[in-house]
């Protein structure tokens, strides 16, 4: 049985940022909802304002990949069910809330080092905006709007 969009969102929050504390989880949830509500570019074209489509877009979230760099991915949304805090953060974001400091960021990643890259993803469509816990957050550049 497929997960509801709410449960899928809670699972993604847990998998992507479960160890980042409430602020880290809210930052990731903000990015996901920014992709749902973006007014143009790739995420409007591929997601069409639909949470499930944004989450399930192939290649966007490591937690939805069964393999990463040719290895089995042990950290997926299927590995463990969400807890109350993950549903609470999902509900917070679904109600239209955003974490201050993340603003209109469309990407995040954990560089596993103290320094964030100035551009992300590789095509340069996002520029570094902020860091929340272990994740770096990126605002769309003019290049994004051409995607």
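None of the figures in this text is laboratory data; all of them are computed from the coordinates on show. If you're wondering where the values come from, they're calculated on a predicted model, not measured in any experiment. All Cβ positions, glycine included, derive from the backbone under ideal geometry; neighbour counts span all protein chains shown.
Structural remarks
- Part-to-part distance (alpha-carbon centres) for region 95-147 and region 56-73, which is given in Å: 19
- D_trans [Stokes-Einstein, Kirkwood Rh over alpha-carbon pairs] for region 71-147, 25 °C, 0.890 mPa s, µm² s⁻¹: 170
- Measuring how big the chain is from its alpha-carbon positions, Rg and Dmax come out at 14.3, 41 Å.
- Fully extending the segment from residue 113 to residue 73 would add 12.3 nm, taking 0.36 nm per residue of separation and subtracting the current Cα-Cα distance.
- Modelled label positions at residue 4 and residue 141, each set 7 Å beyond Cα in the direction of Cβ, lie 4.1 nm from each other.
- Sorted by Cβ density within 10 Å, fewest first, the residues 22, 7: 22, 7
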